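The values are calculated or read from the model by the stated rules, or taken from the named source; none is laboratory data. Predicted model only: the values in this text are computed from it and were never measured. No Cβ is skipped: glycine too gets one built from the backbone with ideal geometry, and neighbour counts run over all protein chains shown.
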Amino acid sequence: MRIVLVGPPGAGKGTQAALLAKTLSIPHVSTGDLFRANISQGTELGLAAKSIMESGKLVPDEVTIGMAKDRLAQPDAAGGFLLDGFPRNVAQAAALDEILAEWGIELDGVLDLEVPEDEVVRRIAGRRVCRNDNAHIFHVEYHPPVAEGVCDECGGQLYQRADDAEDKVRVRLEVYHTETEPIIEYYQKQDLVTTISALGTVDEVTRRAIEALRKNETQRKNDDEG
Ligand code: AMP
């Protein structure tokens with residue numbers, strides 16, 4: 001399956017993407033994680049992205065699209081992928097369509113995670129991620145680690161992302177509404193979007209997401225056959 005996950009910051013995209021990717025046996029491709037890996041490795045791309053990311057704004061499309069294309073061209077993504085945090089505006093969505101068309105493939109679905117804004121702020125303020133692997137995500141209240149500040153998965157140190165500070169969260173929400181939300185309409189025109197509520201426990205949302213994706217897959221198969 002080739003899936004795009006959309007939703008405001010704090011919707012739980014990273015958490016859900018990791019779980020869904022595991023369940024569906026496809027790689028989780030997060031442009032945010034790719035940028036953060038470049039920053040910790042001190043690459044040129046990382047240096048270019050660092051201050052923009054910390055401000056909560058978007059890294060320029062030329063950089064982001066090239067990085068995403070390189071990642072999707074890796075052999076492990078040949079059989080499918082789950083995109084998290086990309087595309088983040090209509091230009092990126094159009095570029096992704098072009099890339100996939102060039103490769104003779106297309107998206108199977110876009111999963112839109114819906115969550116009220118006050119909940120978004122609560123979730124982000126309490127979010128802590130693992131320094132060793134940003135895929136390990138905790139929350140001081142909703143999903144606390146057994147030992148405070150320590151990752152349950154690998155013992156790494158937990159920290160609060162610089163762009164999770166409240167003033168940066170406001171910028172990110174604004175960017176989401178103006179830049180990213182229009183991609184939902186873009187994909188609705190291709191009949192790809194399924195919206196689910198991202199409220200409830202992590203497991204509940206995962207179950208809802210899997211159910212929605214399977215339903216979407218069956219529907220598309222039936223449409224193809226009919
Ligand atoms: P995320 O981990 O998805 O919340 O991304 C963190 C930050 O990385 C964003 O606020 C942006 O600064 C940058 N970023 C991640 N993905 C993209 C993208 N597709 N386009 C532009 N900037 C991005």
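Structure summary
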| quantity | calculated |
| --- | --- |
| Some residue of region 52-62 being out of contact with any Cys (no Cβ under 6 Å at 6 or more places or on another chain), of a type in the set (S, T, N, Q), in a helix (DSSP H, G or I) and in contact (Cβ under 8 Å) with a residue 40 or more places away in the chain | yes |
| Ile3 being among the β-branched types (Val, Ile, Thr) and either over 21 Å from Glu114 (Cα atoms) or within 13 Å of the ligand (Cβ to nearest atom) (or both) | no |
| Leading residue by the ranking (farthest from Lys50 (Cα to Cα)) among those in region 153-164 that are more than 19 Å from the chain's Cα centre (by Cα) and surrounded by 15 or more Cβ atoms within 10 Å (Cβ to Cβ) | Gly156 |
| Some residue of region 24-41 being more than 10 Å from the ligand (Cβ to nearest atom), modelled with pLDDT under 95 and charged (D, E, K, R) | no |
| Top-ranked residue of region 106-127 - restricted to ones that are surrounded by 20 or more Cβ atoms within 10 Å (Cβ to Cβ), of a type in the set (A, V, I, L, M) and at pLDDT 95 or above, ranked as nearest to the ligand (Cβ to nearest atom) | Leu113 |
| Residue identified as touching an Asp or Glu at 6+ places or on another chain (Cβ under 7 Å), at pLDDT 90 or above and buried (at least 18 other Cβ atoms within 10 Å of the Cβ) among Val205, Val193 | Val193 |
| Filter pass, Ala91 being among the aliphatic types (A, V, I, L, M) and away from the ligand (no atom under 16 Å from the Cβ) | no |
| Checklist (1) surrounded by fewer than 23 Cβ atoms within 10 Å (Cβ to Cβ); (2) under 19 Å from Val129 (Cα atoms) applied to Gly12, failing item | (1) |
| Given (1) in contact (Cβ under 8 Å) with a residue 12 or more places away in the chain; (2) surrounded by fewer than 21 Cβ atoms within 10 Å (Cβ to Cβ); (3) farther than 18 Å from Tyr187 by Cα; (4) within 15 Å of the ligand (Cβ to nearest atom), number of the condition Leu47 does not satisfy | (1) |
| Residue among Val169, Val175, Val205 that alone is out of contact with any Phe, Trp or Tyr (no Cβ under 8 Å at 6 or more places or on another chain) and over 29 Å from Gly80 (Cβ atoms) | Val169 |
| Neighbours by Cβ (under 8 Å, 6+ apart or cross-chain): first from region 198-223, over 14 Å from Leu20 (Cα atoms); second aliphatic (A, V, I, L, M) | Leu199/Val115; Leu199/Val205; Glu217/Met1 |
| Residues satisfying the stated conditions in region 78-105, i.e. closer than 16 Å to Leu5 by Cα, in contact with a strand residue (DSSP E or B) (Cβ under 7 Å, 6 or more places away or on another chain) and surrounded by fewer than 20 Cβ atoms within 10 Å (Cβ to Cβ) | Gly80 |
